[in-house]
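Visitor: Have a look at this one.
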Amino acid sequence: MSEKEDLAKQKAEAAAKAKAVALARKKAKAEAAENPEGEIDLAKQKAAAAAKAKAAALAKKQAKEETAKNPEGEIDLAKQKAAAAAKAKAAALARKQAKAEAAENPEGEIDIAKQKAAAAAKAKAAALAKKQAKAEAAEKPEGEMDIAKQKAAAAAKAKAAALARKQAKAEAAEKPEGEMDIAKQKAAAAAKAKAAAAAKAKAAAAAKNRTAVQESEEVDTPSEISPNQSKLDQIVSAIESHVGQGALLENYINRLSKDVPTLVANPDTYFSIAKFLRYDEQLDFSYLSELHGTDFESHMEIYVHLHSFKMNQSVALKVKLDRDTPVIPSLVPLWSGANWPECEAYDLLGINFYEHPDLKRILLGEDWKGYPLRKDYEPYDVEV
């Protein structure tokens, strides 16, 4: 068949289509004039459906004829053109029908129709997006799928955060200033209380660890015997003979402090042991070189460092005190050098040395609140 014949055939088909459409319109108008308002919409719908069916049948017939004439390469192109033309025709027909319905319907019905149309369009778009996502998922490898999921999750999170911020702003705009200030104060107070509780728990755990480590290090006795072990045994034996068997709670060589022999006294026998060490002719610990107190949170402790020039030996005397009521006899009657160190321990830790000749605060004023070297000390004036 020649090109002229093809062109003539196409023109004839187009004329037939136009004639069929005009005939359908004329028939619809005639039916609309005869039918009441309730039947007009139904007639329009039927006419539109008939027109669509007729156009589809005509398009199929034309496609078959073109398929029989065209080679395989041109068939696909013809199908694509026919599909595009059908879509364009259907869209134009839908727009025309919507205009006609809008002209006949009141405003209330128009809004409902618009909403239905928008909902249908959304549903169609969602279905198309799902179909496209499935197709892409089938084509993409697993690595790209994970990245896509991560991007989608990140976008969802960002959207949720933005919505939360927007909602918070809206609530803030609705609340009066008084309620906002109260809410802020409550939030700040809750945050402070939480931080204080966490700090307190952390400090308690740290103190417990320090005490455990210190005691384990002090009590730990390596296999090698200390050169001061014999002197410690001599001192312990003399104390138990003259003061009593239960006078000492424990004794050991402190490897962390130059192997100094260390004596831990019972609070009831603390002064008696110190007096024996001071005045015994064989021991003669006549020099007090150090005295200080320490807060271990579980208890208070006094540490006294003594030296005997006669034995050419030092010894440490320790006593553990109740933290709530730390009271112990003063050593000033035995060593006058204990005067100021005991005042300092009283001033900074609150340890009371009874029978001290002039126990007073030497660094802080008498009206100072609290004891700064205690682990739970809180300043009375926070600005100091």
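Visitor: Considering only DSSP beta bridges where both residues belong to segment 277-370, give the percentage that are antiparallel (nearest 5).
Guide: Values: 17 of 20 bridges.
So the antiparallel bridges in segment 277-370 amount to around 85 percent.
Visitor: Can you give the accessible area of residue 278 in Å² (nearest 10), computed on protein heavy atoms with a 1.4 Å probe?
Guide: Roll a 1.4 Å probe over it and residue 278 shows about 60 Å².
Visitor: Okay, next question. Which whole-number percentage describes the relative contact order of segment 237-384, with Cα contacts under 8 Å and a sequence gap of 6 or more? Show your work: numbers first, answer last.
Guide: Numbers: 272 pairs, mean separation 25.4, N = 148.
Relative contact order of segment 237-384: 17 percent.
Visitor: Using label points projected 7 Å from each Cα along Cα→Cβ, tell me how many nm separate residue 241 and residue 201, to one decimal.
Guide: Placing both labels 7 Å along Cα→Cβ, they lie 5.6 nm apart.
Visitor: Over the Cα atoms of segment 239-384, Rg to Rh with Kirkwood Rh, two decimal places? Please list the in-between numbers first.
Guide: Details: Rg = 16.1 Å, Rh = 16.2 Å.
With Rg and the Kirkwood Rh in hand, the quotient comes to 1.00.
Visitor: Would you work out what percent of the accessible area of segment 262-384, with all protein chains in place, is carbon or sulfur (probe 1.4 Å)?
Guide: On the way: 3040 of 6310 Å².
It is 48 percent, rounded to a whole number.
Visitor: On a C-alpha basis, how far is the centre of segment 270-329 from the centre of segment 226-268 in Å? Whole number, if you could?
Guide: Cα centres, segment 270-329 to segment 226-268: 11 Å.
Visitor: Before I look further, what does segment 255-325 give for accessible area per residue, probe 1.4 Å, in whole square angstrom? Please report the intermediate quantities before stating the final value.
Guide: On the way: 3210 Å² over 71 residues.
Result: 45 Å² per residue.
Visitor: In nm, to one decimal, how far is the residue 266 label point from the residue 58 one, both placed 7 Å along Cα→Cβ?
Guide: Those two pseudo-labels are separated by 12.1 nm.
Visitor: Using a Förster distance of 25 angstrom, determine the FRET efficiency expected from the C-beta separation of residue 169 and residue 194, and round it to 0.05.
Guide: 0.45
Visitor: Not counting ligands, DNA or RNA, and with a 1.4 Å probe, what is residue 240's accessible surface area in Å² rounded to the nearest 10?
Guide: The value for residue 240 is about 60 Å².
Visitor: Along the positive direction of the dipole of segment 219-349 (beta-carbon charges: Lys, Arg +1; Asp, Glu -1; about the Cα centre), which of 241, 254, 348 reaches farthest?
Guide: Sorting the options by dipole projection puts first 241.
The values are calculated or read from the model by the stated rules, or taken from the named source; none is laboratory data. Quantities reported herein were computed from a predicted structural model and do not represent experimental measurements. All Cβ positions, glycine included, derive from the backbone under ideal geometry; neighbour counts span all protein chains shown. Ligands, DNA and RNA are stripped out before the accessible areas are found, and what is left, the full protein with its side chains, is counted by its heavy atoms. Shrake-Rupley method; radii C 1.70, N 1.55, O 1.52, S 1.80 Å.
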